[in-house]
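Peer 1: Dropping the structure in here first, questions after.
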Amino acid sequence: MRRVTRVAALTTGVVLALSACSGGSDSSSDQGGSGELKVGMAFDTGGRGDGTFNDLAAAGLDTVKKDLKAQVQELSPDDQGSNRADLLRQLADDGHDPIIAVGFSYSEVTDTVAKEYPDVQFVVIDGSPSAVPNVAVKTFEEEQGSFLVGAVAALKSKTAHIGFIGGNESQLINKFHAGYVQGAKAVNPKIVLDDKRLAPGNSDAGWGDTQGAKVAATAMYQAGADIIYTAAGGSWGGSFPAAAAAPSRWAIGVDADQYNTVGDPKLQKIILTSMVKRVDNVVVNSVKEFQEKGKILTGSYGLKDKGVGFSVTGGFVEDIKSRIEGYEAKIIDGTLAVASAL
Amino acid sequence: MSTSVGAAGPAPQGTGPAKSPGRSGPSPRRGPLAPGGRTRRLLVATALGLLALSIARVMADEPVLTSSGTMTAVLGLSLPIALAGLAGLVSERAGVVNIGLEGMMILGTWGAGYGGYQYGVWGAFLGALLAGTFGGLLHAVATVSFGVDHIVSGVAINLLAAGAVRFLSELLYKGVPGGGPTQSPTVRGGVSTFDLPVLSSGPDLLGRAEDTGLPVVADLAGILRGFTTDLTVFAVLGLALFPFFAFFLWRTALGLRWRAAGENPYAAQSLGVDVYRMKYLAVLTSGALSGLGGLFIVLFSGLYKEGQTGGRGFIGLAAMIFGNWRPGGVVGGSLLFGFSDAVRLRSSGSGGVLALFLFAAILLAALAVRQLARGHRLHGAALAGIATAAALTWSGLDSLPNEVTTMTPYIVTLLVLVISSQNLRMPTYDGVVYRRGEDH
């Protein structure tokens, strides 16, 4: 009996240990060049290859490595995201400076770790405002990019009825929604707009809810909406198939140019455009900023700085491209202001 | 839908007294439709439920309550939960608590994603089955062979599964178009669906009846049409599993041994039942069924995405407890959850969810009247109080905050659990580690 218990305890231990490492960080160190610049990057859950947000950051890091001759190291958190602080400490201990944390969820963690390493520059992409001096926060003016895809949707809609599916009710997602609504109303003040959030408040439950997104999108399409903008992380995996299942229905992607990343011709056919967040540009600019000034400042990137934009891949919006660019020019020169909240 | 499944199962909704484990035979037969008979009671309850739903739909003017679109969503949302519940049931009936359902379901979604990407829908089916069964095997080895605490092993499997699928995705989807560390490419060849001919497609008789908007008629048509459109072969197969297990566990010799392992393994052992083998069989089956639950999540949208189970394995566990460890009850619990979730997701604004309050008020009022008529004053008064509160919520509020609407399915489940928990009875040796020859 005693032996059995011991074997059992051992098995459980091994199982737990296995689970800990398989979910853990996978690190890949790269000796990119001989320069002194050592850039560390900590991805959000999903890591390199997620097809959207992290991949864009990874593309930026690749450029940094190639063009700025920097040494780079990248780490990914486990799928619960519970070891973010450890990743940042590991990068700092290995002498990386600056350290780029990708994603909103790093906000608080980075503040904590940055206080332990006051001489290292930290950057949080998409983070919430920080009072720690060595933490810079780079955000996007998503409302500006969303304004443009809202205008695209209103111009392309045959039913004058469009929809929005958000991952939650956070300030971030509200920015997407606000821009989308303003863009659509700028084209057609009478347009009907549906809004559905998959999860409440700041909950993470809406980022991978393919079932929920498909049910919500199907309902909107059945109710007459013909274009839906999904800003809900991986939940596009539900709303895009819903569009593909019905005739003459469209979807709008987010973060990456999803026409290029979705990988299925059937789904490509329904991706009208994407609101792209140029995380890659921001990564490269931040590192350049560090090289030139020795530090990185908090800032936000809009259409002017090519931080956000709309994609034309697939050629579905060629006919209205010039009108959208007209709005873009107006936003850039300041004659058209887009509010970040309704 | 619930009618046919419940009617085929010998043990619907946990209202009757719990059976003693040794009695496998049916209670004395009086014909299924005799007064007080189970089938008749169920039919009456279903009819009353439909009536209440119809009244709520007309009063609140919210077609979303009974539209065919909602019911199709109910089927899609309920099936994975119901299968997770059934998976928990078959395991716990043999005495092994399985809170690793979520993990096995995660393995199932991954297996379905990979199999589907490689070989199409049948590949997805096999992949889900194998991956889920593997999770079951881990749990069986840990709990049955090594006597690990069932909860500890279950938690470990949940953690292990989440890590393992990430690892496998990073390994196998590198550079694959549409694939990545958190997702699979879409299922090869797509997922084909069919509608029931004549009634739900072509002449679409049910669709026409639904369009009339008549009370009860339109509602019934909407429900039937919703459950007979966008079907997959696997959905039909999945539905058939409930009557199958109801029959198998309560009407066959093997099923009796299976349940005996959960009710009193030492008695079973003394009668020559190989309890270890029964438990292994049960936990492996449980893994396979959880995997199938994962399959339905993947087929619903046609690809694997990390986190898409979203705790449905745990909700399945709740559905199992709600259903008093019986197949008919599991179906009921899952439908309840899927229904409130579908209404929340499909209604524009929160009108649909508010209408659910009205529906609940009507049902509770009916229950209160019954309790009062039987002389249970306290019980009846309490139910009437809740009914009034629900009715006031509906009439007094124009909208609900999103926090509340997204919580609806959980609130409903909790409420029903509270109300019905009086009659629940789990298998006697559920969760108790069994060692051959160690009885006292």
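None of the figures in this text is laboratory data; all of them are computed from the coordinates on show. Remember, predicted model here, so these are calculated numbers, not experimental data. Heads up, the Cβs are rebuilt from the backbone with ideal geometry, glycines too, and the neighbour counts pull from every protein chain shown.
Peer 1: How big is D for the range B:237-346, in µm² s⁻¹ as a whole number, if Stokes-Einstein is applied with the Kirkwood radius of its Cα pairs at 37 °C and 0.692 mPa s?
Peer 2: After rounding, the answer is 209 µm²/s.
Peer 1: On full extension of the chain, what length is gained from A:D93 through A:Q171, given 0.36 nm per residue of separation minus the C-alpha to C-alpha distance?
Peer 2: 24.7 nm
Peer 1: Taking amide hydrogens as modeled 1.01 Å from N in the peptide plane, which residues meet the under 5 Å criterion relative to A:F164, leaving out close sequence neighbours?
Peer 2: Amide H neighbours of A:F164, under 5 Å, 5+ apart: A:D194, A:D195, A:K196, A:Y229.
Peer 1: How large is the direction-averaged shadow of the alpha-carbon convex hull of the range B:170-296, in nm²?
Peer 2: 13.4
Peer 1: Further question: For the range B:205-210, in order, what is each residue's ³J(HN,Hα) by Karplus, 6.51 cos²θ - 1.76 cosθ + 1.60 with θ = phi - 60°, in whole Hz (x at glycine and Pro)?
Peer 2: Result, rounded to whole Hz: 4, 5, x, 5, 5, 5.
Peer 1: Using θ = phi - 60° and the Karplus curve 6.51 cos²θ - 1.76 cosθ + 1.60, what whole-Hz ³J(HN,Hα) does each residue of the range A:281-291 get, with Gly and Pro shown as x?
Peer 2: Going residue by residue, I get 4, 5, 4, 4, 4, 4, 5, 4, 4, 5, 4 Hz, with x marking Gly and Pro.
Peer 1: Could you tell me what % of all Cα pairs in chain B have separations over 27 Å?
Peer 2: 55
Peer 1: What is the mean number of Cβ atoms from other protein chains located within 10 Å of the Cβ atom of each residue in peptide A:262-272, rounded to a whole number?
Peer 2: Shielding by partners across A:262-272 averages 3.
Peer 1: Treating only the Cβ of Lys, Arg, Asp and Glu as charged (+1, +1, -1, -1), what charge dipole size does chain A show about its Cα centre? Round to the nearest 20 debye.
Peer 2: 780
Peer 1: Here is a follow-up. Can you pull the three principal axis extents for the Cα set of the protein assembly as shown, in Å, largest first?
Peer 2: Answer, in whole Å and largest first: 88, 70, 50 Å.
Peer 1: Show the residues, 5+ positions off or on another chain, whose built amide H is closer than 5 Å to the amide H of A:T159.
Peer 2: Under 5 Å from the amide H of A:T159 lie the amide H atoms of A:D226, each far enough along the sequence or on another chain.
Peer 1: In units of 2.2 N^0.38 Å, what is the alpha-carbon radius of gyration of the range A:226-312?
Peer 2: Here the Cα radius of gyration is 1.35 times the empirical estimate.
Peer 1: Moving on. In Å and from the alpha-carbon atoms only, list the Rg and Dmax of the range A:165-260.
Peer 2: Calculated on Cα positions, Rg and Dmax stand at 12.6, 34 Å.
Peer 1: Calculate, in whole percent, how much of the Cα-Cα pair population of chain A lies beyond 36 Å.
Peer 2: The answer is 25 percent, as a whole percent.
Peer 1: From the P(r) of the range A:185-330, could you give the percentage of C-alpha pairs in the tail past 18 Å?
Peer 2: Across the range A:185-330, Cα pairs with separations above 18 Å total 64 percent.
Peer 1: Springs between alpha-carbon atoms under 10 Å, Gaussian network over chain B: tell me which of B:L345, B:L392, B:L336 tops the mean-square fluctuations.
Peer 2: B:L392
Peer 1: Once Rh for the range B:58-182 is found with the Kirkwood sum over Cα pairs, what is the Stokes-Einstein diffusion coefficient at 37 °C and 0.692 mPa s, in µm²/s?
Peer 2: D = 202 µm²/s.
Peer 1: In peptide B:181-193, what is the residue-averaged number of other protein chain Cβ atoms found within 10 Å of each Cβ?
Peer 2: The mean count of partner-chain Cβ atoms within 10 Å per residue comes to 5.
Peer 1: Continuing with this model, one more query. Where Rh is the Kirkwood radius over the Cα pairs of the range B:337-440, the temperature 10 °C and the viscosity 1.306 mPa s, what D in µm²/s does Stokes-Einstein return?
Peer 2: This corresponds to a translational diffusion coefficient of 99 µm²/s.
Peer 1: Would you pull out the residues with amide H under 5 Å of A:D50's amide H, same chain only if 5 or more places away, H placed 1.01 Å from N?
Peer 2: When sequence neighbours closer than 5 places are left aside, the close amide H contacts are A:D55.
Peer 1: Still on this structure, I have one more. List, in the order given, every pair from A:K321/B:K174; A:K158/A:K266; A:K38/B:K305; A:K214/B:K279; A:K158/A:K269; A:K277/B:K174 whose Cα-Cα distance in the structure shown is over 29 Å.
Peer 2: Among A:K321/B:K174; A:K158/A:K266; A:K38/B:K305; A:K214/B:K279; A:K158/A:K269; A:K277/B:K174, the Cα-Cα distance tops 29 Å for A:K321/B:K174; A:K38/B:K305; A:K214/B:K279.
Peer 1: If you don't mind, there's one more thing I want to ask. Kindly give the semi-axes, whole Å and largest first, of the ellipsoid equivalent to the range B:92-146, taking each as the square root of 5 times a Cα gyration tensor eigenvalue.
Peer 2: Equivalent ellipsoid of the range B:92-146: 25, 9, 8 Å, largest first.
Peer 1: Continuing with the same structure: What distance in nm lies between label points placed 7 Å from Cα along the C-beta direction at B:R41 and B:R208?
Peer 2: 4.0
Peer 1: In whole Hz and in residue order, list the ³J(HN,Hα) couplings for the range B:158-171 that follow from phi through the Karplus curve 6.51 cos²θ - 1.76 cosθ + 1.60, θ = phi - 60°; x for Gly and Pro.
Peer 2: Rounded to whole hertz, the list is 4, 5, 4, 4, 4, x, 5, 5, 4, 4, 4, 5, 4, 6.
Peer 1: Let me have the 222 nm mean residue ellipticity of chain B computed from DSSP H runs of 4+ only, each contributing -39500 (n - 2.57), with the sum over all residues rounded to the nearest 500.
Peer 2: -22500 deg cm²/dmol
Peer 1: May I ask what percent, to the nearest 5, of DSSP beta bridges between residues of chain A are antiparallel?
Peer 2: Counting only bridges with both partners in chain A, antiparallel ones make up about 15 percent.
Peer 1: Right, another one. Can you compute the modelled spin-label distance between A:D204 and A:A223, with each label point 7 Å from Cα toward Cβ, in nm?
Peer 2: 3.0
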